[in-house]
Each structure stands twice: as C-alpha cells, then as structure tokens.
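Asks: Here's a structure for you.
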Amino acid sequence: MKSGRPTVASIDANALAANYAEAKRLADGREVIAVVKADAYGHGAVPIARRLAAAGCRNFAVATIAEAAELRGAAIEGAILVLGGVHDAAEADEAVALGVTPVVQHAGHLALLRKVAAERSRAIPVQVEVDTGMARMGISPEEAPSLIEGIARDKALVLDGVYSHLACADESDLAPTLRQLALFAEVLAALRSRAAVPRQVHVANSAALVAGGALAPAMPADVNAVRPGIMLYGVAPAPHLADAAKLTPVMSVRTRVANVRWVRRGDPVGYGATFRAKQRGRIATLPIGYADGIPWTLGNRGFVLLRGRRVPIAGRVSMDLITLDVGGSPVEIGDPVLVFGTPAGGGAPLRVEEVAEAAGTVPYELLVRVGARVARVLES
C-alpha cells in the first residue's frame, strides 16, 4: 500500500553489482557467500538476492529459517546457509523441505537434525561454526574436532562446511584477529588429520576481506570461501578501511520538504523546546522520523543535504517528522532532501557512515532500522 509520503529508500542495483564484483576481486578465486540476513541489511532481501544471483552469486547466508523461506519462496536458487541454525523440530523439518543448510551451534542442533533426517530418510547438509573468540555462538575449539569428525562419519548428515567469525577484524589492531585465525587453523589441521574435510571453509567477513594483504599470511590454507556483508551494500567496514576497497552506496534515503515556516529569535522548535532559534530564519519540516529509522539521537546534532548544502536538524526527532534550521537560505516546499546516500541527480554522497557517527551508532543499525513504511525503490 502506498503511503503518499515523498520519503523513499532508493536501492541502486548497479552499485550492488559493482560492490559484489569488488568482493569477488578481493576474494581472489574463493567462493563468495553473500550475507543477506535482516532483509539484506534493510535493502530488501528478495530484490537484492535476485540482483546478486544475476551477477553470478550462488551462495547466500541468512540468520533464520524464515529468512531462508522468503528467498526460496521467491525462487532464489543456490546454496542458502542459515547462520542461526534451527531451534525446534519444525524448523529442522522446514530446513530439509527448503533444501537449505543449517548451522550447527551446539549438540542440541545435531539431535534435532538427526531426528528429522531419520524421519525423512534423507541426509541433511550442515555447517559448523567454531567459536575462536567471539564467545556468542558455536562449538569450542576443544570440542570441535571430535564433533565435526562425528558429523563426517554420520550417514544422516553431510559435512558441508566449517567456519568461524572474527570479532575484531574491523579494528586497526589486528592482533586479536591473528589469534583467532591461528586457532581456527589449528582446528582445521586437526580435521585434516581425522580425514574430516568439509566442502566449504570460510572465516573472512567484510572487514577481513577488505583488510586483505594484512591478514593474508595468517589465513588458513583450507579457506576456500569468503562471507561479505556490509561491503556489498557500499559501506566501509571501518573508517580506516574506507579507501581499501572501491565501494558505492546502494541505499539512498530521500524525502522532500513538507512545510516551511518563519521563526523569530528565541522561538522554540519541537518537543521539549530543546532548540531555540538564534536569529530570525526559517524552519523546514521533513516527513520522516524515528518510526522511519531516523535515530532520536540525531536531534540537534544531525544533518541532511538540502540544495547541495548540509543543513542541521533543529530540535528533537519525532516519530513522523524532523525539522531543519535553514536560516536565511533559500528553501521551498517540495525541495528534495537527502538523508543519506547519493543525490538523485548525482554528485558527492552523504555517506551513511557520517550520519551514523553523528548519531553515535554504527552504519549497520541505520540501514536495518529504515522503517517498513519507507518504500524501497529499485533503480537499475
């Protein structure tokens, strides 16, 4: 249903394809597993997966069985890795029906999957996460070799892959990442000695992939795939990596000025009167607010692009609206406004990284919190 509001998130399919090509270049012959969880980081999982598939991508990763079902329902083929695994027998059964690969995070997952495999008389492919330092999910390095060897010998299961997740690859200090890679290499060596060799081995996320040469000497030789996420959407994994890869923003959140009013010096604006005009000038109102994904923390500290210049947010961000301190500069109702991304007519982008820094958060959060009532418009 159309909202009638002039607030949209434009999705640049060509930028996505270019970022995927950059990931492939950096992967240097390894398979690319495109992470499209959380509705493809807020961009729209189905259109994003379709465009990536058209660009040659054959491997996708999601967080949940429901996300995998959405892709399969849209006729997305290829391998789909379910990073969160299965939580009950119904999800295990659905994983088999969908032909997707659940991740084993603990022994309970194995019990569920073995039960369903027996009921369906069908071997289930699985991947195993090894916890080398994230301390969230996955099998400990001490338990991993025997558990993975057991999967390799189990006729009910197929050992499709083994991976780990790097906690600090986006930090300038790579020492913690090097320790994780060394630990992962030890686990992989133990698997080789037990003849438990998975089809796919991956550890590099966007940050590790972009860091490239700095980590190359420590990357285990068994690694044959990479797992980029945020870089596919044109966002640098960290400020110090901004120039390490050529990335183009995929999402551009745009709106238009909905109202303009004059205020006098000292006049309050918005809830709580946290902004008072320093001089006579104009306030422009935009039809976008925190229900659409604009962080409340951008009140009195954020900015947007209006008529080619940065204009500060005046007062608090409200649920449906934000107000701008335009001062004496030209402004009209209907003027286009860029919240983040690339201007509609081209030009220098207002990167989501900058807006996230002003909000005191990370670009990931800004992208995934863009609300459902902000229409996604695919541009190709």
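The values are calculated or read from the model by the stated rules, or taken from the named source; none is laboratory data. Only a predicted model underlies this, so the values are computations on that prediction, with no experimental measurement involved. Reconstructed Cβ throughout: ideal geometry from the backbone, glycine too, with neighbour counts over all protein chains shown.
Asks: For the condition on the phi > 0 side of the Ramachandran plot and of a type in the set (S, T, N, Q), what is the one hit in S121, S146?
Replies: One residue alone meets the criteria, S121.
Asks: Also, I was wondering about something else. Tell me yes or no: at least one residue of the range 203-221 is at pLDDT 95 or above, out of contact with any Lys or Arg (no Cβ under 8 Å at 6 or more places or on another chain), outside any helix (DSSP H, G or I) and within 20 Å of H43 (Cα to Cα).
Replies: No, the range 203-221 contains no residue that is at pLDDT 95 or above, out of contact with any Lys or Arg (no Cβ under 8 Å at 6 or more places or on another chain), outside any helix (DSSP H, G or I) and within 20 Å of H43 (Cα to Cα).
Asks: Filter the range 111-123 for residues that are more than 16 Å from I65 (Cα to Cα) and either outside the structural domain of Y163 (by TED's automatic domain parsing) or outside any loop (DSSP other than H, G, I, E, B) (or both) and give the result.
Replies: A111, R114, K115, A117, A118, E119, R120
Asks: Can I ask one more? Pairs please, first residue from the range 266-292 and over 17 Å from L306 (Cα atoms), second anywhere and in a strand (DSSP E or B) and among the polar types (S, T, N, Q), Cβ atoms under 9 Å, 6+ apart in sequence or on different chains.
Replies: Final answer for the pair search is V269/T323; G270/T323; F275/T323; D292/T255.
Asks: Return yes when A216 is loosely packed, with under 15 Cβ neighbours inside 10 Å, without any contact (Cβ under 8 Å) to a residue 40 or more places away in the chain and assigned by TED's automatic domain parsing to the domain that holds M134 and no when it is not.
Replies: Yes, satisfied.
Matching residues to (1) of a type in the set (D, E); (2) within 20 Å of the chain's Cα centre (by Cα); (3) crowded, with 18+ Cβ neighbours inside 10 Å:
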{"position": "I283", "(1), (2), (3)": "no, no, yes"}
{"position": "G308", "(1), (2), (3)": "no, no, no"}
{"position": "V339", "(1), (2), (3)": "no, yes, yes"}
{"position": "E379", "(1), (2), (3)": "yes, yes, no"}
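Asks: Taking the range 232-274 as the search range and keeping residues that are under 13 Å from the mean Cα position of the chain (by Cα) and surrounded by fewer than 24 Cβ atoms within 10 Å (Cβ to Cβ), which one is nearest to Q200 (Cα to Cα)?
Replies: Step by step, filter the range 232-274, then rank; the result is A236.
Asks: Can you tell me which of L159, L166, L174 is crowded, with 20+ Cβ neighbours inside 10 Å and under 23 Å from the mean Cα position of the chain (by Cα)?
Replies: None of the other options fit; the residue is L166.
Asks: Out of all the residues in the range 222-259, which are more than 20 Å from V32 (Cβ to Cβ) and part of a helix (DSSP H, G or I)?
Replies: P239, H240
Asks: Something else about it: If we keep just the residues of the range 157-182 that are touching a helix residue (DSSP H, G or I) at 6+ places or on another chain (Cβ under 7 Å) and part of a strand (DSSP E or B), which is nearest to A225 (Cα to Cα)?
Replies: V162
Asks: Can you tell which of V104, V96, V100 is surrounded by 19 or more Cβ atoms within 10 Å (Cβ to Cβ) and either more than 22 Å from the chain's Cα centre (by Cα) or of a type in the set (G, A, S) (or both)?
Replies: V96
Asks: Which residues, taken from the range 1-42, are part of a loop (DSSP other than H, G, I, E, B), over 30 Å from A221 (Cα atoms) and within 16 Å of the chain's Cα centre (by Cα)?
Replies: G42
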